[in-house]
1. If you take the beta carbon distance between R101 and D251 as r and set R0 to 51 Å, what does 1/(1 + (r/R0)^6) give as a FRET efficiency, to the nearest 0.05?
2. Hey, what does the equivalent ellipsoid look like for the chain, semi-axes from the Cα gyration tensor as sqrt of 5 times each eigenvalue, largest first, whole Å?
3. Take the Cβ-Cβ distance between C160 and E216 as r, set R0 to 22 Å, and report the resulting FRET efficiency rounded to the nearest 0.05.
4. Considering amide H positions built from the backbone, and no H for Pro or chain starts, which residues 5 or more places from E30, or on another chain, come under 5 Å of its amide H?
5. Tell me, what HN-Hα J-couplings in whole Hz come from the Karplus equation 6.51 cos²θ - 1.76 cosθ + 1.60 at θ = phi - 60° for each residue of segment 48-63, using x for Gly and Pro?
6. What nm distance separates the two modelled labels at A44 and R203, each placed 7 Å from Cα along Cα→Cβ?
7. Taking amide H positions as placed in the peptide plane 1.01 Å from N, state which residues far from I237 in sequence (5 or more) or on other chains have amide H under 5 Å from it.
8. Could you size up the charge dipole of the chain around its Cα centre, putting +1 on the beta carbon of Lys and Arg and -1 on that of Asp and Glu, and report it in debye to the nearest 20?
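What follows is calculated from the coordinates using simple rules that are stated; it is not laboratory data. Please read these numbers as outputs of a predicted model, since none were measured by experiment. Here the Cβ positions follow ideal geometry from the backbone for every residue, glycine too, while neighbour counts run over all protein chains shown.
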Amino acid sequence: MDLSKLAVVTGAAKGIGAASAERFRREGVEVIGIATSPPEAPLANDPGVRWVLGDVAEPATWTQVSDAILATGIAPSVLVLNAARAQIGTVLTVSLEQWKRQFEINVFGAVLGAQTCLPFMIENGGGNVVVISSVNGWMAEQGLIAYSSTKATLIEFAKCLAIDHAREGIRVNVVAPGTVDTPAFRRAMGTASDPESFIEARRQRNPIPCILTADEIANVVWFLSGDQSSGMTGSVITIDAGLTASYDFRDLTIQGYK
């Protein structure tokens, strides 16, 4: 990837977005980071990152992004659609307004991102879009009906985007993480009566007994952003420590198997 390249990253102040932005910067790529709150170090002090503070569901935010792109004088070669919110509850407890807000941020924010950045990419000869979905995009999880519905929508959105713009040099791929150790994950776990036991249960349900790191997801984002993945578009890459490879993983050594 050339050092002159520019990446636009949503939800860039924390978690997967921050890890992705940091990976781009380590590789010499300039970044436009979009977030609702100010970033922390090291990104906050990096002159190679321009920040747009705003809601990805608001067109005005993307007007600022467009202005920032023009100010760099570089067409974005990468768009990472990462910003998301998770609403906990069932169809009976999540209000219609909460449903709408989930789709505004998780889906319509991605739509606005594509509408803003793709024209720059196409005019410049192409680019890569990386959509952060989730294993919840095709696997149900209790209490996450609204979140899972948006993540499923994002997968189909990405595939359609890939097909519609393949002949214009645009590649679009999806990263579908399992449980990742992010500030949002820690906040959610903090609502449990015994957070540490809950986190350990999440760890042990994976064949690789771990909670993924944001850096592990960022490594896949980087791969999809460059020439090494040149033959891929419309693909979904799962990184979930083996969670969805089995319908019921069990550590058989506990039952006496070796």
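1. Numbers: r = 39 Å, r/R0 = 0.77.
Computed FRET efficiency for R101 and D251 comes out at 0.85.
2. Working: eigenvalues 192, 81, 68 Å².
The answer is 31, 20, 18 Å, longest axis first.
3. Details: r = 28 Å, r/R0 = 1.26.
My answer for the efficiency is 0.20.
4. Placed amide hydrogens put K5, A7 under 5 Å from E30.
5. x, 10, 9, 10, 10, 8, x, 8, 5, 7, 9, x, 4, 5, 6, 5
6. With each label point 7 Å from Cα toward Cβ, the separation is 2.9 nm.
7. The list, which skips near neighbours in sequence, is V174, V175, A176.
8. In debye, rounded to 20, the chain gives about 340.
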